[in-house]
Each structure stands twice: as C-alpha cells, then as structure tokens.
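The values are calculated or read from the model by the stated rules, or taken from the named source; none is laboratory data. Keep in mind that what you see is a predicted model, and the values were worked out from it rather than measured. Neighbour counts are summed over all protein chains in view; Cβ atoms, including those assigned to glycine, are modelled from backbone coordinates with ideal geometry. Quick note on the areas: whole protein, heavy atoms, side chains included, nothing else; ligands and nucleic acids left out. Shrake-Rupley method; radii C 1.70, N 1.55, O 1.52, S 1.80 Å.
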Amino acid sequence: MVNTNKPIYLYLEIAKYMLKNYLSILFFVLPTLIFAQKGFVKGTVLDKGGDPAAYATVKITGNGYFDGAPADHEGSFGFAGVPIGQYVIEITLQGHQKFVDTVKIEVDKPVNMGVIRLADAPVEINEYIVKDTWKRTDAIVSTISIGQIDIKRVPAGMGEQDLIGALVVLPGVTMTGDQGGQLYIRGGPPIQNKVIMDGAVIYNPFHSIGILSVFDSDLIRNADVYTGGFGAQYGGRISSIMDIQMRDGNRRKFSGKIGGTPISTKLILEGPIKKLKDTGGSSASFLLNARGSFLEYSSRIFYPYANSSANNSVTVGLPYNFWDIYGKISVNAGDGGSKINIFGFSHNDYVNFNSITNLNWNSAGGGLNFIVVPGNANVRIDGVFAYSNYNIKMVEENEQDLVRESTVNGFNFNLNFHQFYGNNRVTYGLEASGAFTNLNYDNPYSVRITNDNSTTEIAAFARGKINKWGFVFEPSFRLHYYASIGEVSPEPRLSVKYNLRDWWRLKLAGGMYSQNLVAANSDRDVVNLFYGFLSGVENLPDTYRGNKVTSRLSKSQHGIFGMEFDIGKYVDINVEGYFMNFSQLLNVNRNKQYNEGSQPAGTPDYLVSDVIVEYGYAAGLDATVKFEYKVKNHNFYLWLVYSFLKTERTDEINTYTPHFARQHNINMVGNYVWGKNQDWEVSVRWNLGSGFPFTQTQGFYEFLDFSDGINTDYTTNNGTVAIEYAGPNTGQLPWYHRLDINFKKSFTFKNKKNKQVGKMEVNVGGSNLYNRRNIFYLDRVTFQKIYQLPIMYNFGVSFEW
C-alpha cells in the first residue's frame, strides 16, 4: 500500500501511471503543459472563391517574437505558446491581396480570428512564382497536390479537360491506355490504390473510355496524390492514396455552366440557399452537376473512321456511353469556420466492344462530412460518414457461359482531431469501415470463383509534426484491426525532411501498410476490362513455397529517399528513388482448375484455392522538372517527367513481370497563356512509354470436361476450344507514344456597369496527332485486334454565368 502521507510516493505513482500511458502524454497532455502560461491564436482562411485557402502563408510578429506556418488543406492555422502582448497577423496567397490585422494575446483568453476571406488581386508586372513555404516546413514526400490550374494546363482529351489528364503526367503514374485504362502507381495495381472523394471510397474512379474520370474537373477543389510513404491518417491500401475534395456551391449568387464536346455534355447549377452577406455570418449553398455521353452515336458523326465493322462496311461508333451525377449541400455555421456538407453521387458505364465484349458497371453513394472549430480550444475536429456501392458485369460473346460479376457495398466513418502549434502539429483520430462483397468469376479454365463476405475494420492513428534544427519530423502510427478475420496490424510510419539550404532539401519516408481487399482481374488478358473485388478470403493455400501462410492480408513496406532543388525563381527539380517490398500479396488464382472437394488426391493447393499468395517488389526512380514564369500578359509553364520502374511478382510456380509494368515513361507538358485579359491559351503534351508485358498465346487444343465421368465417349463428344498459354507476361507490346495539343480562347461578357456577367470558352485541338496505332485489345480466339484511339480532332464549347 502506498503511503500517501509522503508526497514523494504520490508523485512516483503518478509518474508510473503517466509512463504507462505515454502516448496520451505525447499527444494530449504535453502540449497543454508547455503552453499553459501563454496564449494562442487560430483562424480559418478562405480564398477569393470562398474555398479553403490551402497552404496560405500565415505569419505572426511582434514584441521580438516571430512565427510562421502554412495553413492546412482546410485553411486552418494556429499558433500556441505565444507570449502575452500585441501582434500583427499577416496572410499571403498568390493571386490575392495581403491580409494584415492585429491581435492581443492574453492568458486564458484564446483568440479565434474566425473566417478570414482574402480579396482578389490583379496580376502584377514581372510577377514571378513565390516558392511554396510549406516545402520547407512540411515533410512532404511522394505527394503531389493537384488543383484547378493543374488540370487546365494539360490538353483536353476529345475537347474536355479532366483530372485524369493531370494524373497521367505525374511521376510514377501509368495508365494502361485510352480505352479500358486503369491507374497504376509505382508498381501498384488499382486494387492497391485507394481513391476517396469527400471522404467516400470510390471503387472505380475512371470511365472505360480511359480519358475521363468520374469526377467533373469543374467541381474539384483539390486532389492530393500520395504515391508512397503516406502517413498513418490513411490505411486499408498498400501502395497509394488519392484524396479528392469537391468544392462547395456559390454562396453569393446563382450561377451555372453548360458545355458540350463530341464525347459528352454537362450542366452545373449552383447558388445560395442562405446568401453569404458581406459582413459574414452563416450561409448555405447547393451544387448540382450532371454529365453524360452517347459517344457510341456521336462518334458515328464526328469520328466515323475510329471504329468500323470487321469488313469496314458499317460505321459502328466508339462503344462507350456513361452518366455522372453529383450533388452537394453545404452549410457554414458562421464566422468560426465550422461547416457541414451533405453529398451524393452516381456513375454508370455501358460498353460494347464490337459485339466481342459487353461491359456494364455502376457506382452510387453519398454521405456527410463536417468541420467543427470550437471557439476557445486549440483544436479542429472533422469527420465523415459515407456509403458507396459498386457493381460490374462483363459478358464475352465468344464465351457466353462464362460469368464475371462483382458487387461491393461499403461504408466508412472517420473522426479526426487537429491541434496547431505554429509549424508543429498533432493529429489523431478513429476510423471504422465495413464492406459486403459478392463475386462470381469464371477464370480462363472455366472454373468459377465465388466470394460472399462481410468485413469490418477498425483503426486508430496518431501523427505529429516537429520542426527543429532545420529538420521536419512527421512520425505517425496506425493500429488497424481487421475484425472479420481477427487480425491486428501495427503500422509505424515516418517522414523526414532536412533543409540543407533554402533551395536544397533532402527527404525520406517509410512505413508499413496492409489491406484486406483483393482484385478479381485476369492477368492472362493483354488488357484487363473486368474490375471486381473479393474480401475476407478464406480459401487460401496453407503454405507458400514451403512456408506456412499465417496472415490473410496483403502487406507492404515502403522506403523512399529524395532531393528537392529550387533553381532560381522559376525552376523546381525533384528526384525520388523508392523501394516497395510486397511481403505478401493476395491475387485471384489464375491457375485454379478444381473447386474445393472435386480435386483428385494429391492436387497442390495452388490448383484449388480461390486466391494465391505471392511475393513482389517495385523499385524505381522518378524525376521531375517544373518551370513556371509569369510576366505581364504572358504565363509560361513547362513540366518534364521521367519514371523508371522495375517490378516482379513471384507465385507458387513462376516469377514474372506484371502486365502493367511500364519500365520507362516520359511525359512532357507545355502551357502558354497570353493576351491582355489572359484569354488565349495553348497546351501540348507528348508521352513516350515502353511496351507493357503480356501473356502470349502458345496454341489451342480441344478441351473435354468428362462431365459423364467414365461414361464419356471422347470419340464422339465435341469439346471446346481451350488455350495453351506461354509463360506469364513473357511477351512485350510495342512502345506507346502520342502527341496531344489544345487551343483555348475565352470571351467575357459585361453589362453596362462593366461588370462581368458571363464567360464563354472555346477549345479546339487533337489527340494522337500523328495517328500512332497503339494496341489496345486482342481477342485470343478470333485474333481480332482493337487499337487505342486513332487521331481524334476535338472541340468543345462552354458558357458560364
């Protein structure tokens, strides 16, 4: 029994308790003790459009004290531990007027500046691009943030600029083609890349046409792409994360946009439900968007040469039709920065490849996300609750009996807390998610794989950021519990940056990652069209190459090292080398020949299991050069990217290169804007990539299934045509390359008071200008080849008011 009459024993007991709960001390108690006798100030910065001013530079000065930090992606900032006194707050953001105000710091009287709205600023003569301060104060590794301006710099595909255009020119990112394309990041297939929109998981973010995503680019506020080494706030995938935030509707006036191209038409309507006043206060807005395509029919008029019948006697058109719908209601509580969004979406694809393959998929869902900014606490709270559904079905005309269908119904809930200490921050949170997956999939041996499972996942994470001695440390830890299979995955992660000079920085990142979801793709196909899922897999092999299989998860470990250089005012260079060790991968069993219980005695596991275990790695180098220069009435932009990738997989039988491994990839993007009102623009993109690996067809044979057992008369029964494959992905397609160009002219309309009331944009250009015949799809039985899109002249017109 402790003698509490002696204070030393009481203090020892308290210290003992604190040591047992050191994580609480680190993330909750310690900052409070350090800054208890000082004050703090916080606020939320919005740009001229009313959206969060991500990475705006905020400085506080006075009384010999100075601190500065960029606002986060929600525009939030905070400075704790500020000595008592009066200070000047200065906020700057490119393209906006500087904001300056004074605040008085007092003990136990937190200062909440609320919402700060930055005003528009004219373009200055000889303006140059101000280097982003967050490059020096955040340990950003393998992360690229894409905004509206980045999307608009890439040539419009068939007349419409889209997020996918900005993605495919990023380092380490590869698309498998113009048709049926999917996103591959640093050797990670789509199943390993998590896509989030407003907090909801999107299971298929790209239309089958391959040049359009399901996200209307006019609605995107920001898209953060983490190509590796991401922090503990994200989980459930082992390669990469794409976090997309959609903007709010206009809170001041009713407005809209209508546009059309040969590939699609769209309509955007937005406006205030409760108008935002000049003096601030609460407000509410709505945003509605619909986009559709009937390319199967319009291409017969605009591109009659693009896809004809086998004897070229009938123009059948490009076989793609789709619909996208998105809606959002935003409510801002007032000048404190708190808000809530309610959103919903629906995406549909209908594809018929020359009566060879029919592919239909749809995705729908919705949810709500919120931000709470308590007035007297150094914390911002945000969260999301979302639901997402996805269904896909594929039928091949030459194999009518084959079934390939997949359904996913999933939900996710997140609750996060953020505390600000100038350039130092602490974030922690909880996450819960669940999914029901249903799969019926016939593999190339006509053996059906079925999966009907419900899974639940629970996770907690903590993340800190410390700026000290020129270093930026961002340690984080995630504890992920896969309840449905009874596995716990502890996942430590770390990012570090060292500022050698203001213009030269070293950086590294690493971590451990896991996931439960498995893809149902056939790696035997030259191009994969079917994109299905299974989870909570039970029918696993007992061993992998003689070693006992002890986990039902896919797992990876990342290691990244790189350097950043700022060459003068206008040139940025970034170089990163990486190694991703896929210590365990679960893949649909392409070699399965027997269902459980029907196999002969002594049949190995890899011929019976639904899923096989593999090992793999991806190693590579990404290098980018960015040049950006602005002078009166002229903006110049150049983006150069080279990516090298070496990746392999090893299953029970073979070591092979995955079909999506593009070893060399080069992208060049140029953009020039000019004119008195910056109303002329030209964009150019050229892409060169080595050919993808593919599995060749070695021969054909007659397959008899002996359905009548020993009574089967093989002398009179007719079998089916079966394929004898060569080694997996030992062949290589020809090199891929294409050139795109786009011209844009803007026209503004003003009223008698010289106030702008409308704007029209006209796009003209072309894709694959020298008509390169890049292979897309090969039917193994008929040998019919389908190529990627030929030369496609495009145009588009839009009007906004």
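Details
- Here the chain is treated as a Stokes sphere of Kirkwood radius computed over C-alpha pairs; at 10 °C and 1.306 mPa s its diffusion coefficient rounds to 56 µm²/s.
- In this simple spin-label model, placing a label point 7 Å from the Cα along the Cα-to-Cβ direction at both N376 and K48 gives a separation of 3.9 nm.
- With the convex hull drawn around the C-alpha atoms of segment 662-723, the volume per residue stands at 174 Å³.
- Only protein heavy atoms count here; on that basis, with a 1.4 Å probe, D120 has an accessible area of about 90 Å².
- Rounded to the nearest 20, the Cβ-based charge dipole of segment 137-269 about its Cα centre (Lys and Arg +1, Asp and Glu -1) stands at 300 debye.
- Where trypsin sites (Lys or Arg not before Pro) fall in DSSP loop in segment 698-797, at most 13 other Cβ within 10 Å: K752, K753, K755, R773
- Largest accessible area first, the listed residues W504, W361, W680 line up as W680, W504, W361 when surface is computed with a 1.4 Å probe on the assembled protein chains.
- Accessible surface ranking for T550, T697, T265, T57, 1.4 angstrom probe, highest first: T550, T265, T697, T57.
- Count Lys and Arg as plus one, Asp and Glu as minus one, and take only other residues whose Cβ is under 12 Å from that of G334; the net charge is then +2.
- Rg/Rh (Cα only; Kirkwood hydrodynamic radius) as it applies to segment 495-628: 1.17
- Using a probe radius of 1.4 angstrom, the carbon and sulfur fraction of the accessible surface of segment 196-333 is 60%.
- Per residue, in Å², the accessible surface of the chain once ligands and nucleic acids are set aside, probe 1.4 Å: 43 Å²
- Distance between segment 731-801 and segment 583-610 - C-alpha centres, whole angstrom: 45 Å
- Treating each Cα of segment 695-773 as an identical point scatterer and summing with the Debye formula, the log10 of I(q)/I(0) at q = 0.24 Å⁻¹ comes to -1.08.
- Modelled spin-label separation between A460 and F413, with each label point placed 7 Å from Cα along the Cα-to-Cβ direction: 1.6 nm.
- Taking all pairs of distinct alpha-carbon atoms in segment 337-427, Kirkwood radius in angstrom: 16.7 Å
- Within the shell defined by Cβ-Cβ distances under 11 Å, the residues around Q756 carry a net charge of +3, with Lys and Arg each +1 and Asp and Glu each -1.
- Tilt relative to the chain, helix 7-20 - C-alpha long axis, 0 to 90 degrees, to 10: 30 degrees
- Selection of GluC sites (Glu not before Pro), segment 530-605, meeting DSSP coil and at most 14 other Cβ within 10 Å: E538, E596
- Loop-located trypsin sites (Lys or Arg not before Pro) in segment 56-112 whose Cβ has at most 14 other Cβ within 10 Å (DSSP): K98
- Cut-off 10 Å between beta-carbons: net charge of the residues surrounding I144, Lys and Arg +1, Asp and Glu -1: -2
- Helix-only mean residue ellipticity at 222 nm for the chain, each DSSP H run of n ≥ 4 adding -39500 (n - 2.57), per residue, nearest 500: -1500 deg cm²/dmol
- Cα-centre dipole for the chain with unit charges at Cβ (Lys and Arg positive, Asp and Glu negative), debye to 20: 3440 debye
- Using the Stokes-Einstein relation with a Kirkwood hydrodynamic radius computed over Cα pairs, the translational diffusion coefficient of segment 652-801 at 37 °C and a viscosity of 0.692 mPa s comes to 158 µm²/s.
- Sites Y387 and I258 - FRET efficiency at Förster radius 30 Å, r taken between beta-carbons, to 0.05: 0.50
- Proximal lysines relative to K548, as straight alpha-carbon distance under 24 Å, when same-chain residues fewer than 8 apart are discounted: K592
- K48 accessible area, assembled protein chains, probe 1.4 Å, Å²: 120 Å²
- Subtracting the Cα-Cα distance of N63 and N677 from 0.36 nm times their residue separation leaves 216.7 nm of extension gain.
- Ranking by accessible area, most exposed first, for V797, V201 with a 1.4 Å probe: V797, V201
- Distance between the 7 Å Cα→Cβ label points at L704 and Y594: 2.0 nm.
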